[in-house]
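Asker: Sharing a structure below in structure tokens format, with a few things to ask.
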Amino acid sequence: MGLLRSIDFSVITDALAPTFAFLVALPLIALIPLIFFTFLTLAVVINVLSQVLFRNPHRAPVVFHFFPWIGSAVVYGMQPYDFFEANRKKYGDVFAFVMCGRVMTVYLGPKGHEFVFNSKLQDVSAEEAYSHLTTPVFGKGVVYDCPNHRLMEQKKFAKSALTKEAFRSYVPIIVEEVQNYLKTSPYYYDNDPKKETGVADVLKGQSQITIFTASRTLLGQEVRNKLNTDFADLYADLDKGFTPINFVFPNLPLPHYKRRDNAQRIISRTYMDVIEKRRKEDHVDSSEDLVGALMANAVYRDGVRMTDQEIANLLIGILMGGQHTSAATSSWYLLHLGQRPDLVEELYQEQVRVCGIDPITKELNPLTYDHLQEMPLLNNTIKETLRLHSPLHSIFRKVMNPLPVPETKYVVPRGHYVLVAPGYTMMNEKYFKHSDHFEPKRWEDSTIEKEAAAAAATADSVDYGFGAVSKGVSSPYLPFGGGRHRCIGEQFAYVQLGTILACFVREFKWALIDKLPEVDYESMITVPKGPSDKIKWIKRNY
Ligand code: X2N
């Protein structure tokens, strides 16, 4: 026994301890993924069984999905229109799908437009669907972070800056901004007067042109001048907060969320400084730009005045909305026209016919707002681009009260969402012949498209507080939505997009380098997927 006692076992156990510890721990370490996969498998099995076993006759059929919570998010997120088409074939125009914990009831086609855009205010809510995404980007108290009656008046205030007179003053400003950009941009003349041809990255170029033209016309020279400084980087930070990930996960403790919040504070502070400076200098002109109009008019019907912070936040929201949509749409029309040099020539001839050539300088006369109203091919090019590339592929509302789905026995329960996709209808062979062809002339007089759109538009109108909008929203062509949330930017968009296109047609001939790019549905707006969004341009010498 003495011998045993004298041997120091601790030497042995110390040496073996780590191995023992590992051996003991091994099942523990393996245990965690084991638990996880067991749980996941169980969740999947329960989820699958529940879909197979239970079918609630009062609910729209739910698209089959393996994973709870995620649901069909990935297949929807990558190709929403294919997803809609595949499920329309299985279930018809009304079906539901799970997307990141939300149950979305889709109603496709013109009846779906009516169902979602004209549902009663108390039954569906855009604020509940969008505010978590838009409020951190725009700021508080505006758009979807206020009662709907306030939004209706904010839209009225903003529209007071979007008059014909305002547009008349915006056209030469947009021309100047585009020409200045083309002269200096590395994608175009790159400050080299001898440069006659080059390759341009369309989406990047149009994003720049859009922000310069929209800021200069709507926010004025003070803000436009800041875009040449590192202030522009703040827009990029804010922009990165406006993505589908933020729609799914609105606030994560990640750097890009902090940069978004920081950018919102600095940009809105900058806009408030401009407002205070103009007020101090007694320079408040409601017809100068959007800033002037809001400073002069932003008093609600009940006498409450919008604060400077709210005015600044509304400016951020409007410019953010207009930025993505116009940058995408002008990118798409340049890319489509890159395959149609015949149309570019006809657009040039339209410029010559409508604006005329100065007999002395032999140059085209400067473009005016009134000229734009006389250019059917130019405007139909924009119209056709929006038909094929509706900037928003899905519009959502949260259901606040049980919502019966017309012509079905389904009721959408409170807490679910409804989804409408005018973009799907506009690309449907049933409503547009050769729907996948880019054909601006389909909108010329005496075509069925023109009549269909006109018929829907003549239906009587209704005023939600920001001007008359068409009551009927069952037109197959609704790129600007409908109902109380209808877009107020349509006229501005046509002036901005029309002027930019006229500048390009006068300055260049161009062609696609590659084939037409795929559509990237994974960003907020349907943008061309790089890197094939390039054009080769040549300076037009006559
Ligand atoms: C994770 C596929 O990507 O595997 F801006 F004053 C200003 C627009 C809101 C779009 C929501 C979800 C996509 C999941 C993909 C103003 C001018 C507006 C109107 C799944 C794997 C903003 C969210 C996009 C869900 C699609 C809200 C805009 N006129 N601008 N998996 O707009 O009006 C404004 C209004 C929204 C969305 C989505 C996925 C007024 C993936 C891949 C990944 N969507 N999305 N505006 N998904 N994956 C605006 C409406 C307002």
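Asker: Averaged across orientations, what area in nm² does the convex hull of the alpha carbons in the chain project?
Answerer: Seen from a random direction, the Cα hull of the chain projects 37.3 nm² on average.
Asker: Ranked from highest to lowest mean number of other Cβ atoms within 10 Å per residue, what is the order of the peptides 168-181, 134-147?
Answerer: Output ranking for 168-181, 134-147: 134-147, 168-181.
Asker: While we're looking at this one, here's another question. Would you please calculate the Kirkwood hydrodynamic radius of the stretch 72-141 over all C-alpha pairs and express it in Å, rounded to one decimal? Spell out each step's value before the answer.
Answerer: Working: mean 1/r = 0.0720 Å⁻¹.
One decimal place: 13.9 Å for the Kirkwood radius.
Asker: Next question. How big is Rg to Rh over the stretch 97-226, alpha-carbon atoms, Rh as the Kirkwood inverse-mean-distance radius?
Answerer: 1.10
Asker: A follow-up question, please. With a Förster radius of 60 Å, plug the Cβ-Cβ distance of His437 and Val11 into 1/(1 + (r/R0)^6) and report the FRET value to the nearest 0.05. Don't jump to the answer; show the numbers that get you there.
Answerer: Working: r = 84 Å, r/R0 = 1.41.
Efficiency, rounded to the nearest 0.05: 0.10.
Asker: Students often get this wrong, so check it: of Lys89/Lys430; Lys156/Lys226; Lys111/Lys155; Lys111/Lys529, which have C-alpha atoms separated by over 23 Å?
Answerer: On the way: Lys89/Lys430 14 Å; Lys156/Lys226 28 Å; Lys111/Lys155 26 Å; Lys111/Lys529 31 Å.
Flagged as over cut-off: Lys156/Lys226; Lys111/Lys155; Lys111/Lys529.
Asker: I've got another one for you. Choose one of Phe157, Leu53, Pro517: the residue whose Cα lies farthest towards the positive end of the charge dipole of the chain (beta-carbon charges +1 Lys, Arg; -1 Asp, Glu; about the Cα centre).
Answerer: My answer, from the dipole projection, is Leu53.
Asker: Where in the stretch 85-125 does the label zone of His58 land, with the point 7 angstrom along Cα→C-beta and an amide N cut-off under 17 Å?
Answerer: Taking a point 7 Å out along Cα→Cβ of His58, no residue of the stretch 85-125 has its backbone N under 17 Å.
Asker: Also: Sorted from largest down, give the three principal axis spans of the alpha carbons of the stretch 142-293, whole angstrom values.
Answerer: Extents along the principal axes: 55, 42, 27 Å.
Asker: Another question about this same structure. Separation between the Ala86 and Leu40 pseudo-spin-labels, each 7 Å from Cα along Cα→Cβ, expressed in nm?
Answerer: 2.1 nm
Asker: Taking a temperature of 10 °C and a viscosity of 1.306 mPa s, what whole-number D in µm²/s does Stokes-Einstein yield for the stretch 284-329 with Rh from Kirkwood over alpha carbon pairs?
Answerer: The calculation lands on 137 µm²/s.
Asker: Here's a follow-up. Counting pairs of alpha carbon atoms under 8 Å apart in space and at least six apart in sequence, what relative contact order in percent does the chain give?
Answerer: Normalised by residue count, the contact order of the chain is 21 percent.
Asker: Which three numbers, in whole Å and largest first, are the semi-axes of the equivalent ellipsoid of the stretch 334-441 derived from its Cα gyration tensor as √(5λ)?
Answerer: 44, 16, 10
Asker: Give me the distance in nm between label points sitting 7 Å out from Cα along the Cα-to-Cβ direction at Asp342 and His283, one decimal.
Answerer: Label-label distance for Asp342 and His283, simple model: 5.2 nm.
Asker: Quick check: Cα centre of the stretch 266-338 to Cα centre of the stretch 56-101, how many Å?
Answerer: Each part's Cα centre sits 38 Å from the other's.
Asker: Along its three principal axes, how long is the stretch 14-62 when you only count alpha carbons? Whole Å, largest extent first please.
Answerer: That works out to 68, 13, 8 Å along the principal axes.
Asker: Here is a further query. Summing -39500 (n - 2.57) over the DSSP H runs of n ≥ 4 in the chain and dividing by its residue number, what mean residue ellipticity at 222 nm do you reach, to the nearest 500 deg cm²/dmol?
Answerer: For the chain, the value works out to -17000 deg cm²/dmol.
Asker: If you wrap a convex hull around the C-alpha atoms of the stretch 267-403 and split its volume per residue, what is the figure in Å³?
Answerer: Output value, Cα hull per residue: 217 Å³.
Asker: Follow-up. Using R₀ = 35 Å, calculate the FRET efficiency as 1/(1 + (r/R₀)^6) where r is the Cβ-Cβ separation of Glu518 and Asp460; round to 0.05.
Answerer: 0.30
Asker: Assuming 0.692 mPa s and 37 °C, estimate D for the stretch 192-260 with Stokes-Einstein, Rh taken as the Kirkwood radius over Cα pairs, in µm²/s. If you can, show how the numbers build up before the last one.
Answerer: On the way: Rh = 14.5 Å.
Rounded to a whole number, D works out at 227 µm²/s.
Asker: Within a Cβ distance under 14 Å of Asp123, other residues only, what is the Lys/Arg minus Asp/Glu net charge?
Answerer: Combined, the nearby Lys, Arg, Asp and Glu give +2.
Asker: Now, a different point. Using only alpha carbon pairs under 8 Å that are at least six residues apart, calculate the relative contact order of the stretch 80-136 and give it in whole percent. Can you show the working numbers first?
Answerer: Numbers: 28 pairs, mean separation 10.6, N = 57.
In percent, rounded to a whole number, it is 19.
Asker: Let me ask something else. Report the rotationally averaged projected area of the stretch 449-542 based on its alpha-carbon convex hull, in square nanometres.
Answerer: 8.8 nm²
Asker: Can you pull the one-decimal nm distance between simple spin-label points at Arg265 and Asn180, each 7 Å off the Cα toward Cβ?
Answerer: It works out to 3.1 nm between the two label points.
Asker: Here's another thing I want to ask about it. Expressed in nm², what is the orientationally averaged projection area of the convex hull enclosing the Cα positions of the stretch 1-85?
Answerer: So the mean shadow area of the Cα hull is 10.8 nm².
Asker: I'd like the FRET efficiency for Arg168 and Thr408, computed as 1/(1 + (r/R0)^6) with the beta carbon distance as r and R0 of 45 Å, rounded to 0.05.
Answerer: Numbers: r = 49 Å, r/R0 = 1.09.
Rounded to the nearest 0.05, the efficiency is 0.40.
Asker: Going through the DSSP H helices of the chain, which span 27 Å or more along their own axis at the Cα atoms while scoring at least 1.0 as a mean Kyte-Doolittle hydropathy?
Answerer: 9-53
Asker: A further question on this structure: Taking Cα centroids, how far is the stretch 459-498 from the stretch 370-418 in Å?
Answerer: 10 Å
Asker: Which Cα, out of Tyr300, Leu403, Pro244, lies furthest along the positive dipole direction of the chain (beta carbon charges, K/R +1, D/E -1)?
Answerer: Leu403
Asker: Only four residue types carry charge here, +1 at the Cβ of Lys and Arg and -1 at the Cβ of Asp and Glu. Report the dipole size of the chain about the Cα centre in Debye, rounded to the nearest 20.
Answerer: 1040 debye
Asker: Within the set of other residues whose C-beta is less than 11 Å from the C-beta of Lys450, count the net charge using Lys and Arg as +1 and Asp and Glu as -1.
Answerer: Net charge in that neighbourhood comes out at -1.
Values quoted throughout were computed directly from the atomic coordinates according to the rules given, and no laboratory measurement underlies them. Here the structure is a predicted model, which is why all the values come from computation and not from measurement. Note: ideal-geometry Cβ built from the backbone for every residue, glycine included; neighbour counts use all protein chains shown.
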